[in-house]
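The values are calculated or read from the model by the stated rules, or taken from the named source; none is laboratory data. Keep in mind it's a predicted model, so treat the numbers as computed, not measured. With ideal geometry, Cβ positions are generated from the backbone for all residues, glycine too; neighbour counts draw on all protein chains shown.
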Amino acid sequence: MSLDLDIEIDDDSADDLSGEQAHSKRASRANDARHKNRGRRASAHVIAELLEHDDKTGAVAMGAGSGFAPTFNASRHELRWIIDSLGGFHENHQIMDVIAQVKGGKEATVYCCSAGSNLGADYVAAKVYRPRMFRNLSNDAAYREGSGPVDEQGKLLKRKRELRAVAGKSSFGLEALHGSWLFNEYRTMTALYEAGALVPKPYACAENAILMEYLGEPFAAAPTLDQVQLSREEAQPLFDALIESVRIMLANNRVHGDLSAFNVLYWEGQVRIIDFPQAVDPLYNPSAWQFFTRDVKRLCQYFSRYGVRVNAADLAANLWATHMPGDANDIQRELLARVEVGEEREMRRR
């Protein structure tokens, strides 16, 4: 596992650097400053949302009457938000305490929690979506069609009118396909975990939070692959395991849609693919092939630094041909035709 070390260089030492090295160091400092500024803007954005959340929900005294008093050192507004989002898990004895923040961002924050007696684990991860997450996902139009042909309750659409609307991309069809990003992530993780893919085990889902397997130690969560230096001996087996999970996803009508080293966790030789809210169903999303080839290409690019040699385009094409014969539009037309035949038979029986 690699460690990022900040080393100060004094002015005299800096003079000894070559022009290229000095330029690289100045660029690095400028990049760090930009990241810090983004972090400050993101923090201000999140605080504003939590304040709005408090106002709208009429948040009460922290933990009052619930018996849920997380020991995590959070601001007053964040603590209220945690209690509101995770209190149900505590009442159901699925979590006992919130220990630390694992990952923060505009869309969601992940916390490490001590597990309750019902889960059979020491620690679990709680992914809590930000109040405005469902409105803020960037470029989400291409993904909306991929959450599967479900209604607001997550039930599959089966009527001919609904499937025609989906195929024709009408406003009704897009609304029918949309569903909930959170529900899509939980439903996808559940199906893939049961199918044997390397994803965290999902335990439970609430209105704006998902409880899942935790990888790492309480105050040292598993890093993502982009933060890890692998040995060449373990690179090929890990690559093969991840590609097998990609194959399992496709065989179960799922494409991650944003897969890269940034959303694969690594811990002591184990890997888990995370972040599925944008996962698409290749049977219904006309952009699924584009997303799929990008996912495969990114994995191949990352592992190429460790000597793994594979043609990403050929690999993606072979996997797709095995599990998804034809493009998305052909599959939609074939499905619609089968539904029409089934409805005609049903009418004749009546």
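Condition check: closer than 30 Å to Asn208 by Cβ and either crowded, with 18+ Cβ neighbours inside 10 Å or at pLDDT below 90 (or both). Does Val339 satisfy that?
Values: closer than 30 Å to Asn208 by Cβ: no; either crowded, with 18+ Cβ neighbours inside 10 Å or at pLDDT below 90 (or both): yes.
Spelling it out, it is not the case that Val339 is closer than 30 Å to Asn208 by Cβ and either crowded, with 18+ Cβ neighbours inside 10 Å or at pLDDT below 90 (or both).
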Looking only at segment 206-240, how many residues end up being surrounded by 14 or more Cβ atoms within 10 Å (Cβ to Cβ) and either part of a helix (DSSP H, G or I) or aliphatic (A, V, I, L, M) (or both)?
16
Do we have any residue at all in segment 267-289 that's at pLDDT below 95, surrounded by 19 or more Cβ atoms within 10 Å (Cβ to Cβ), assigned to a helix (DSSP H, G or I) and outside the structural domain of Val110 (by TED's automatic domain parsing)?
yes
Quick one: would you say Glu244 is closer than 23 Å to Tyr284 by Cβ, surrounded by fewer than 16 Cβ atoms within 10 Å (Cβ to Cβ) and at pLDDT 95 or above?
no
Which of the residues that make up segment 241-266 are over 14 Å from the mean Cα position of the chain (by Cα) and either part of a loop (DSSP other than H, G, I, E, B) or outside the structural domain of Lys201 (by TED's automatic domain parsing) (or both)?
Asn252, Asn253
